[in-house]
1. Could you tell me, in Å, what Rg and Dmax come out for the Cα atoms of the range 79-125?
2. Based on DSSP loop calls and a cut-off of at most 16 other Cβ atoms within 10 Å, the longest stretch of the chain free of exposed trypsin sites (Lys or Arg not before Pro) is what?
3. List the lysines whose Cα lies under 18 Å from the Cα of Lys25, skipping any in the same chain that are fewer than 8 positions away.
4. Most mobile of Thr120, Thr107, Thr169 per a Gaussian network model of the chain (Cα springs, under 10 Å)?
5. At q = 0.10, 0.17, 0.19 Å⁻¹, work out log10 I(q)/I(0) for the chain with the Debye formula, treating every Cα as an identical point scatterer and leaving solvent out; two decimals please.
6. With all distinct Cα pairs included, what does the Kirkwood hydrodynamic radius of the range 108-195 come out to in Å, to one decimal, could you say?
7. Within the range 60-81, find all residues whose amide N lies under 18 Å from a label point positioned 7 Å from the Cα of Val39 along Cα-to-beta-carbon.
8. Can you count the Lys pairs in the range 72-195 with C-alpha separation below 25 Å, eight or more apart or on different chains?
Amino acid sequence: MLKEKLKNYNLILASASPRRQQFFKDLDLDFQIQLKPVVEEYPEKLRHFEITDYLAQLKSLPFKTHLQEKDILVTSDTIVWQNENALGKPRDRDEAFQILKSLSNVTHEVITSVCFTTKTTQKTVSNVTKVTFKKLSDAEINYYLDNFKPYDKAGAYGIQDWIGYIGITKIEGSHYNVMGLPLHLVYQTLLEIVN
């Protein structure tokens, strides 16, 4: 249905994330992947979804002057928000361990913003999902880090990984948002753009 409506458009996904790329395939969309490097820094005063909105929009900037009439560029960003702090991707194993330790036995928020940019318009949507972990033992965290190496994931974990299976006790909101893309919002927003 959406694929048919998009047939006269050129959908561009600017993401190196294999999960986001697979989601676009699973939505049965024709798209191309284009990547341009961006330094992912944001003003310290930003909080919560302001951070992901800012970064998703920032990722669109290198493309803006090159977009054609029928191009729709999709950029996005995900953070884990806990105790008024944004947790991004861990730099190394020690940081990944500390992040997972801090998520143990508490509820945190996963925030994803998705920015849709055309030659003349830009729209950004965001989604928040609450995730609760059981108390994780050091052995469980170490096993996960040794076997799954989640260094490309905000909050140092993937809900679809082993630690998600054994550790997550409650989720409020979109499961796919925690994986990096609130698919219901992507679908709805693309429909709005082409209608």
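Quick note: the coordinates plus some simple rules give every number you see, no bench work behind them. All values derive from a computational prediction rather than experimental measurement. Using ideal geometry, Cβ is built from the backbone for each residue, glycine included, and neighbour counts are taken over all protein chains shown.
1. 15.0, 46
2. It runs 136-195.
3. Candidates past the 8-residue exclusion: Lys3, Lys5, Lys7.
4. Thr120
5. -0.42, -1.10, -1.30
6. 14.6 Å
7. Hits in the range 60-81 for Val39 at 18 Å: 60-63.
8. 25
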